[in-house]
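Chemist: The following block contains the structure, expressed as structure tokens.
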Amino acid sequence: MDLENQARIKSLADQYGEDLVVVLGAGEAEAASLAAETVTEGDPTYAGPLAGVQLGLPVYHAFELKDSVDPGVYDDQAGMMEMVLDVDALIDAVKKFRA
Amino acid sequence: MSFPVIKGTSYSLFHAPEMTVHQGTNQTSERHKNPDSEHLKDIPKSLRSFDEVVKYPPNQVYIGNVKPEMLKCHKRPWYENPLAVANTDGPYGSIYAEDELIAFIKVVDVFDLVVLEDSFQKATKVKLENRKELQIIDKQLAKLDTKGVLFDELDKLVLEDGAEPMYHAGRLVGCVKKAHEFDAVLTSHVMFENLASKATAAINLLSMFAKTNLRPEEVDYIIEASEEACGDMNQRGGGNIAKAIGEVCGCVNATGSDTRSFCAGPVHALVQAAALVQSGVYKNVVVLAGGSTAKLGMNSKSHIEKGIPVLEDVLGTFAIHIGENDGVNPVIRTDAVGRHTIGAGSAPQAVITAIVTDPLDRVDISLKDVDKFSPELQNPEITVPAGAGDVPLSNYKMIAALGVKRGDFIKEDIDKIVNEKGMPGFAPTQGHIPSGVPYIGFARQEILNQNIKRAMIIGKGSLFLGRLTNLFDGVSFIMETNEGVQETTNVSKEEVRSIVAEALKNLAQNL
């Protein structure tokens, strides 16, 4: 995960604590998995501000929120990408980092 | 409407393994943070030879020796399956070795910042003299006749004076000195990046003059669309790299300017060039860019971890000549330019709608009527192991999926559409280089050969990297078969009044 984003998430986690949920929009399972790991167990590449920091934040992929948002908004924002991306692989990649 | 045409193209690559190790940002950052890192020890062992780079299938496609479609059936991984027949020269350009590039960096340096070791300078001068495309600048090559320095002097310049080193085959052979005592944008490293960009773009423009009918003195305007910034501390991106390149190449009647929009810059520049030609401001405009040394080995950590050679070891360049409608060459449909507007939104669907289907709808052309789409053509062998996916494939799927949502295609046909209207990525991941432009040379030839009628060129850019906006960027245009020059009739206001008056008179009489 981008070092700047790591810093922003760390700062938001300090500010909001347990009320913070991370929603990912990654298009590749490997990238989604890395991002999910970074905001739960810490930066696996040991390059950014979250290296060795276990935030343990609840993390979801945007596709998992389909039933929680307005169907029209979901269709506009994610309908096309649902046809393009491997939805199941993305959800599995993120899900394994939720307790 | 008499649309402008694409008269010629040029594409060249420069093998830069030592620059990958010493100047690629991924490596310079690592050296800054952790000078003893394993990556810095591993990278020299995973570099490719010049011969491997020449025989690498995507590189042969880039210079035009092989069509992109060939890659669909060529055995993967491509780095383990070189082409049996490969050449350093192709119809669109050439592949140059790193020593030639280093020597040419000295040729384009007008501030005596570049210093080369004497024996290296003499040997590479001979190589450059044998390049046919460089013979029109023989007077400038004479700069290499001056006496070079000794190895000891180079060591001193690099170690004591902070000059940027240039290596060849593991040995220090030259350096670039800083251009100011403390100006952060005139450091030796920044000067090296800018000179490398200038040198690569200049050689590629000279290659265009050698391979097409365009003469240097016929060029009216140059738009440079690389990702470098040239200036000083008072105007960090002041420019004008375009004129600096034109000066090297003998474009004595040209002026120019630089256009930037991250990876979308080249397509913006092409739209501007088309407008300048169609409006009659200029007859011949060249849009070009040199390579980015910062991006060399950008994903090399991932590649080495997976046992893949460092594939980001070449600098890419392009040059596109836009001219007045000649009734032959493919036209640029300036009435159907796609643009991602500030208010369009950044969801992928909104982006593809803005840059692909909106311009087509405007001129009543269906997605089905576009034979080929050329979005970001990053080589997937570079991006997939780095976790960034197959970028062109994702773009083709998005275009097809949007077509399904609009009713142009059926869902079951997505893979078929992707195969018919797409192509595997073959461009080095140099940011501005893969973004739509690498296919323009092929598209021009395929349209001239009547194999296809229409192609859409798409550039996309990640503006958020500059930390001034979270906006995305995208721009596109259609190039298609030239139906012949259409005569336009200029009718004056008086003539229009007279025609309307005549019509009203006839109407009144009939009433």
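The values are calculated or read from the model by the stated rules, or taken from the named source; none is laboratory data. Every value quoted in this text rests on a predicted model; they were computed, and no experiment measured them. Please note: Cβ atoms are built from the backbone with ideal geometry, for glycine as well, and neighbour counts cover all protein chains shown.
Chemist: Out of (1) part of a helix (DSSP H, G or I); (2) loosely packed, with under 15 Cβ neighbours inside 10 Å; (3) at pLDDT below 95, the odd one out for B:E30 is which?
Modeler: So B:E30 meets the others, but not (2).
Chemist: Counting just the residues of the stretch B:174-228 that are over 20 Å from the mean Cα position of the chain (by Cα) and among the basic types (K, R), which one comes out farthest from B:M19 (Cα to Cα)?
Modeler: Across the stretch B:174-228, the extreme among qualifying residues is B:R215.
Chemist: Can you list residue pairs whose Cβ atoms sit under 7 Å apart, with the first residue in the stretch A:23-41 being more than 10 Å from chain B (Cβ to nearest Cβ) and the second being surrounded by fewer than 21 Cβ atoms within 10 Å (Cβ to Cβ) and of a type in the set (S, T, N, Q)? Count only pairs 6 or more apart in sequence or on different chains.
Modeler: A:E41/A:Q54
Chemist: Kindly check whether there is at least one residue in the stretch A:48-60 that is within 11 Å of chain B (Cβ to nearest Cβ) and surrounded by 15 or more Cβ atoms within 10 Å (Cβ to Cβ).
Modeler: No: the stretch A:48-60 contains no residue that is within 11 Å of chain B (Cβ to nearest Cβ) and surrounded by 15 or more Cβ atoms within 10 Å (Cβ to Cβ).
Chemist: For B:I433, work out the one condition from (1) within 12 Å of another protein chain (Cβ to nearest Cβ); (2) assigned to a loop (DSSP other than H, G, I, E, B); (3) crowded, with 24+ Cβ neighbours inside 10 Å it doesn't fulfil.
Modeler: Answer for B:I433: the failing condition is (1).
Chemist: Note down all Cβ pairs under 8 Å where the first residue falls in the stretch A:63-80 and is touching a residue at least 24 places away in the same chain (Cβ under 8 Å), the second is in a helix (DSSP H, G or I) and of a type outside the set (F, W, Y), and they're at least six residues apart or on different chains.
Modeler: Partner pairs satisfying both residue conditions: A:F63/A:A78; A:F63/A:E82; A:F63/A:V87; A:F63/A:L90; A:F63/A:I91; A:E64/A:I91; A:E64/A:V94; A:E64/A:K95.
Chemist: I've got another one for you. If you take just the helices (runs of 4 or more DSSP H) that sit entirely in the stretch B:343-396, which of them hold at least 2 residues that are surrounded by 21 or more Cβ atoms within 10 Å (Cβ to Cβ) and within 9 Å of chain A (Cβ to nearest Cβ)?
Modeler: In the stretch B:343-396, B:348-352 are the helices (runs of 4 or more DSSP H) which contain 2 or more residues that are surrounded by 21 or more Cβ atoms within 10 Å (Cβ to Cβ) and within 9 Å of chain A (Cβ to nearest Cβ).
Chemist: Of everything in the stretch B:442-469 that's within 21 Å of B:V356 (Cα to Cα) and assigned to a loop (DSSP other than H, G, I, E, B), which residue is farthest from the other protein chains (Cβ to nearest Cβ)?
Modeler: B:K453
Chemist: On to the next question. For the stretch B:406-423: of the residues being within 11 Å of chain A (Cβ to nearest Cβ) and free of Cβ contacts under 8 Å to residues at least 40 places away in the same chain, which is farthest from B:I452 (Cα to Cα)?
Modeler: Checked the stretch B:406-423; the qualifying residue farthest from B:I452 (Cα to Cα) is B:K411.
Chemist: Among the residues of the stretch B:189-197, is any closer than 15 Å to B:I320 by Cβ, buried (at least 21 other Cβ atoms within 10 Å of the Cβ) and either touching a residue at least 60 places away in the same chain (Cβ under 8 Å) or out of contact with any Phe, Trp or Tyr (no Cβ under 7 Å at 6 or more places or on another chain) (or both)?
Modeler: Residues of the stretch B:189-197 that are closer than 15 Å to B:I320 by Cβ, as a first pass: none.
No, every residue in the stretch B:189-197 fails to be closer than 15 Å to B:I320 by Cβ, buried (at least 21 other Cβ atoms within 10 Å of the Cβ) and either touching a residue at least 60 places away in the same chain (Cβ under 8 Å) or out of contact with any Phe, Trp or Tyr (no Cβ under 7 Å at 6 or more places or on another chain) (or both).
Chemist: Within the stretch B:221-245, which residues are under 30 Å from B:P91 (Cβ atoms) and out of contact with any Ser or Thr (no Cβ under 8 Å at 6 or more places or on another chain)? Even if it seems obvious, please write down each step before you answer.
Modeler: Let us first name the residues in the stretch B:221-245 that are under 30 Å from B:P91 (Cβ atoms), namely B:221-228, B:241-245.
Correct list: B:A244, B:I245.
Chemist: Also, quick follow-up: Can you list the helices (runs of 4 or more DSSP H) found entirely within the stretch A:1-96 that contain at least 1 residues being within 15 Å of the chain's Cα centre (by Cα), modelled with pLDDT of 90 or more and within 24 Å of B:T383 (Cβ to Cβ)? Give the steps one after another, and end with the answer.
Modeler: On the way: elements: A:3-16, A:29-40, A:71-74, A:80-84, A:87-95.
The qualifying helices (runs of 4 or more DSSP H) are A:3-16, A:29-40, A:87-95.
Chemist: Assuming B:K283 fulfils every condition listed in (1) more than 23 Å from B:L13 (Cβ to Cβ); (2) surrounded by 17 or more Cβ atoms within 10 Å (Cβ to Cβ) apart from one, which condition is it?
Modeler: Looking at each condition in turn, B:K283 falls short on (2).
Chemist: I've got another one for you. Look at B:H340 and say whether it is away from chain A (no Cβ under 14 Å), crowded, with 22+ Cβ neighbours inside 10 Å and closer than 25 Å to A:Y74 by Cα.
Modeler: Numbers: away from chain A (no Cβ under 14 Å): yes; crowded, with 22+ Cβ neighbours inside 10 Å: yes; closer than 25 Å to A:Y74 by Cα: yes.
Here the answer is yes, as B:H340 does meet what is asked.
Chemist: Right, next: Restricting attention to the stretch B:115-140, which residues are under 25 Å from the mean Cα position of the chain (by Cα) and among the aliphatic types (A, V, I, L, M)?
Modeler: Across the stretch B:115-140, the qualifying residues are B:L128, B:L134, B:I136, B:I137.
Chemist: If you don't mind, another one. Criterion first (at pLDDT 95 or above, of a type in the set (A, V, I, L, M) and more than 27 Å from B:I223 (Cα to Cα)) does B:L311 satisfy it?
Modeler: yes
Chemist: B:L159 fails exactly one of the following numbered conditions: (1) surrounded by fewer than 17 Cβ atoms within 10 Å (Cβ to Cβ); (2) out of contact with any Lys or Arg (no Cβ under 9 Å at 6 or more places or on another chain); (3) farther than 18 Å from B:E18 by Cβ. What is the number of that condition?
Modeler: Just one mismatch for B:L159, condition (3).
Chemist: Which numbered condition trips up B:V310, out of (1) surrounded by 21 or more Cβ atoms within 10 Å (Cβ to Cβ); (2) closer than 30 Å to A:A89 by Cβ; (3) touching a Phe, Trp or Tyr at 6+ places or on another chain (Cβ under 9 Å)?
Modeler: (3)
Chemist: Under 7 Å by Cβ, and 6 or more places apart or on different chains, what pairs join a residue from the stretch B:444-466 that is free of Cβ contacts under 8 Å to residues at least 40 places away in the same chain with one that is buried (at least 19 other Cβ atoms within 10 Å of the Cβ)?
Modeler: Every condition considered, no pair remains.
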